[in-house]
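No lab work stands behind these numbers, since they all come straight from the coordinates. Fair warning: this is a prediction, and the values are worked out from it, not measured in the lab. Reconstructed Cβ throughout: ideal geometry from the backbone, glycine too, with neighbour counts over all protein chains shown.
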Amino acid sequence: PATHPSLALSHHNIAISLFSLGRSDEALNHTHKAIEIASQTLPDDQPQIIAHRELLNAIQKKKAMKDYVSLLQIIENEDQ
């Protein structure tokens, strides 16, 4: 079924693979799907949901750092 926890786990694993390939936006989409699916059948304190949220945080943190570095480079270029 569309709400089976195994489907959420599949999205989670796809997200990990995409994230390791540097495809953060796609990884975020799959992570959000994993959370959405798992949340329909599992309680919030379930380890699988916690793992999905940890992955979401890791992806968002990496994206934020990339954005921060890009912003610093723009500022440095403006100062030159």
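Give, as a single signed number, the net charge of other residues whose beta carbon lies under 14 Å from the beta carbon of residue 49, with Lys and Arg counted +1 and Asp and Glu -1. Display every interim value, and only then the final one.
Numbers: positive: 33, 53; negative: 36, 44, 45, 54.
Local charge sum for residue 49: -2.
Relative to the present Cα-Cα distance, how much length would full extension add between residue 25 and residue 78 at 0.36 nm per residue of separation?
Fully extending the segment from residue 25 to residue 78 adds 16.3 nm.
With just the Cα atoms defining each centre, how far is the range 41-80 from the range 1-30? Give it in Å.
Their Cα centres are 16 Å away from one another.
Near residue 63, which aspartates and glutamates are there with a Cα under 17 Å away, not counting those fewer than 8 places off in the same chain?
Within the straight-line cut-off, residue 63 pairs with 25, 26, 54.
Computed FRET efficiency, Cβ-Cβ of residue 36 and residue 71, R0 25 Å: what is it to the nearest 0.05? Please report the intermediate quantities before stating the final value.
Values: r = 31 Å, r/R0 = 1.22.
Calculated transfer efficiency: 0.25.
Using the crude model of +1 on Lys and Arg Cβ and -1 on Asp and Glu Cβ, and no other charge, please compute the dipole size for the range 41-80 relative to its Cα centre, in debye to 20. Before the final figure, lay out the partial values.
Working: 5 positive and 7 negative charges, 41 e Å.
Taking the Cα centre of the range 41-80 as origin, the dipole is about 200 debye.
For the chain, set up a GNM with springs between Cα atoms under 10 Å and report which of 60, 40, 48 has the largest fluctuation.
Residue with maximal mean-square fluctuation among 60, 40, 48: 40.
Within the set of other residues whose C-beta is less than 12 Å from the C-beta of residue 60, count the net charge using Lys and Arg as +1 and Asp and Glu as -1.
Values: positive: 53, 61, 62, 63, 66; negative: 25, 54, 67.
Combined, the nearby Lys, Arg, Asp and Glu give +2.
Could you give the dipole magnitude of the chain about its Cα centre, charging the beta-carbon of Lys and Arg +1 and that of Asp and Glu -1, in debye to the nearest 20? Could the numbers behind the result be given before it?
On the way: 7 positive and 10 negative charges, 59 e Å.
Around 280 debye, computed over the chain.
Need one number: the % of Cα-Cα pairs in the range 5-79 sitting beyond the 22 Å mark. All intermediate terms of the calculation are to be shown ahead of the outcome.
Details: 879 of 2775 pairs.
Above the 22 Å cut-off, the range 5-79 has 32 percent of its Cα pairs.
What net charge is computed for the residues neighbouring residue 30, neighbours being all others with C-beta under 12 Å from the C-beta of residue 30, Lys and Arg scored +1, Asp and Glu -1? Can you show the working numbers first?
Numbers: positive: 23, 33; negative: 25, 26, 36.
Net charge in that neighbourhood comes out at -1.
Considering the dipole of the range 5-79 built from charges on the beta carbon (Lys and Arg +1, Asp and Glu -1) around the Cα centre, which of 51, 20, 8 is farthest to its positive end?
Result: 8.
Counting helices only, and only those DSSP H runs with n ≥ 4, report the 222 nm mean residue ellipticity of the chain as the sum of -39,500 (n - 2.57) divided by its residues, in deg cm²/dmol to the nearest 500.
The per-residue figure over the chain is -29500 deg cm²/dmol.
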